Amino acid sequence: MMCSGADAVATGHYARTSLEDEEVFQQKHIRRPEGLFRNRFEVRNVVKLLQAADSFKDQTFFLSQVSQDALRRTLFPLGGLTKDFVKKIAAENRLHHVLQKKESMGICFVGKRNFENFILQYLQPRPGKFISIEDNKVLGTHKGWFLYTLGQRAKIGGLREPWYVVEKDGTKGDVFVAPRTDHPALYRDLLRTNRVHWIAEEPPAALVRDKMMECHFRFRHQMALVPCVLTLNQDGTVWVTAVRAVRALAPGQFAVFYKGEECLGSGKILRLGPSAYILQKGKSKSRVAVEGPIDSPSDGPGLGPVV
């Protein structure tokens, strides 16, 4: 930015910062003095990334890896406005192309095309099997495990009922599926990230002091924030324990952390804890081991649990 001669950049993201921008816009009719922003940026007060006034359009999720230097030189003129109000401004100024523009959804650079065909233009097919997570039965075949994400419905030829991706084995190429969208194999409450990028504090003082911190996180844009507890590791990674199991966590996604209206930063998900299904199976096995088989001929009436 400095190489271009600009003091700052304004972007259309729906987000805010802890810097006040009113004085900048108040001077729009005044000849701009040399280095309008310079004094503000030389003051090394920490700049926080804050959620937008329009919670539905908030885009701090996508800005969670922004550097402190970049953030203090960025203006978000839409951050305090709702999308409806922005459209009203566009209508008053006859910017009809803005009003007619559809909301961008999905992967914008892919556009309206078959995602599988798009990926296979760049990656060679790696055929593998769809396997039931419940009984290891082979249900069908696919062209590559990388074409699927956890929680996605798997289109398996010959099967009418829906099956959903719950695990992937990149080494063998197998994709494990479950028969319901709310199957416990899709739910986990524990994950570990890589070294977290903290926007304002590196890391937050409360986390350094207590080694644990309550906050919220999300791993998809617009999903409801989930209360969690962070546990700081010596290498800067964190364990994230959600207060309730969440659906379709996946390695490679980013866990983005929030405290109130502030976006604290984010880390890439590297590892997942066991699913609710695995935990349930473990409890069932433990219960069988403690109680013994039902109606076992070797157990006489009145005998206590077999340990």
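The values are calculated or read from the model by the stated rules, or taken from the named source; none is laboratory data. For clarity, every value in this text was computed on a predicted model and none was experimentally measured. Because the Cβ atoms are built from the backbone with ideal geometry, glycine has one as well, and the counts that use them run over all protein chains shown.
Here T171 clears all of (1) out of contact with any strand residue (DSSP E or B) (no Cβ under 8 Å at 6 or more places or on another chain); (2) assigned by TED's automatic domain parsing to the domain that holds C263 except the condition numbered (2).
P162 falls short on exactly one of the conditions (1) under 23 Å from the mean Cα position of the chain (by Cα); (2) free of Cβ contacts under 8 Å to residues at least 60 places away in the same chain; (3) under 25 Å from K281 (Cβ atoms), and that condition is (1). The set of residues from region 78-120 being within 30 Å of L159 (Cβ to Cβ), β-branched (V, I, T) and at pLDDT 85 or above comprises just one member, I119.
Restricted to region 44-62, and to residues there that are hydrophobic (A, V, I, L, M, F, W, C) and in contact with a Ser or Thr (Cβ under 9 Å, 6 or more places away or on another chain), the residue that is surrounded by the fewest Cβ atoms within 10 Å (Cβ to Cβ) is F56. The listed residues are R192, R180, R160, and the only one of them that is in a strand (DSSP E or B) and either farther than 19 Å from W145 by Cβ or outside the structural domain of V138 (by TED's automatic domain parsing) (or both) turns out to be R192.
Scanning region 229-281 for residues that are at positive phi and surrounded by fewer than 16 Cβ atoms within 10 Å (Cβ to Cβ), we see that the one that is nearest to the chain's Cα centre (by Cα) is G252. Looking at region 121-138, can you tell me whether even one residue there is modelled with pLDDT under 90, surrounded by 15 or more Cβ atoms within 10 Å (Cβ to Cβ) and not small (G, A, S)? No, region 121-138 has no match at all.
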